[in-house]
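Have a look at the structure below, then the notes.
The values are calculated or read from the model by the stated rules, or taken from the named source; none is laboratory data. Bear in mind that the values here come from a model prediction, so they are computed numbers and not experimental data. Note that we place each Cβ from the backbone using ideal geometry, even for glycine, and neighbour counts take in every protein chain shown. Side chains are part of the model used for accessible areas, which takes the heavy atoms of the whole protein and leaves out ligands, DNA and RNA. Shrake-Rupley method; radii C 1.70, N 1.55, O 1.52, S 1.80 Å.
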Amino acid sequence: MNRRVRAAGLLALTMVVLLFSPGAAVTRTPESSDLDFDWPTGGPVAVLRAFDLPAQRWQSGHRGVDLEAGAGSPVRGAGAGRVAFAGKVGGKPVVALEHAGGLRTTYEPVQALVSVGDVIARGDLIGELLPGHCEGASCLHWGAKYGTGRNEQYIDPLLLLQPLRYRLVPDRD
């Protein structure tokens, strides 16, 4: 099966499972425009470190991707949303955006140019990349997840860049 089709299918399945799981807190169903994402770097760049979800939530892994970008580069909101957090986590400057359907994206190390509660459109400037995340190179760590606490489920943020395509299949009954 084509990798792009499989990735788009995985994202769609993940969203369906999360949106309609018992106990899921969803205020509204996302519209297709809400699910329109772009590179937070402003355009395609090299992926220096890929997404690597551990088998168990407490194990080490890489719950995001590291994107090639120089210190001082502009960082943009990958999709429309609201700034949920702009501050330090473990001494690292982080910006987190909430999107439709319970999706949250994170960007680090980023000096925020936005404040909590700000509403942004896809591509709006949210901060400036600071040095310090990747050894020997500057990079942007971009993460994506649904839920919080024990219910959080990380996804590969690169899946957000894949267009969702639907194919209707005739009913054979």
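Tell me which chymotrypsin sites (Phe, Trp or Tyr not before Pro) from the stretch 33-83 have a DSSP coil assignment and no more than 11 other beta carbons within 10 Å of their own. List each step's numbers first, then the result.
Values: sites: F37, F51, W58; in loops: F37, F51, W58.
Hits after loop and neighbour filter: W58.
Over the stretch 60-173, with the other protein chains present, what is the accessible area per residue in square angstrom, probe 1.4 angstrom?
Per residue, the stretch 60-173 has 52 Å² of solvent-accessible surface.
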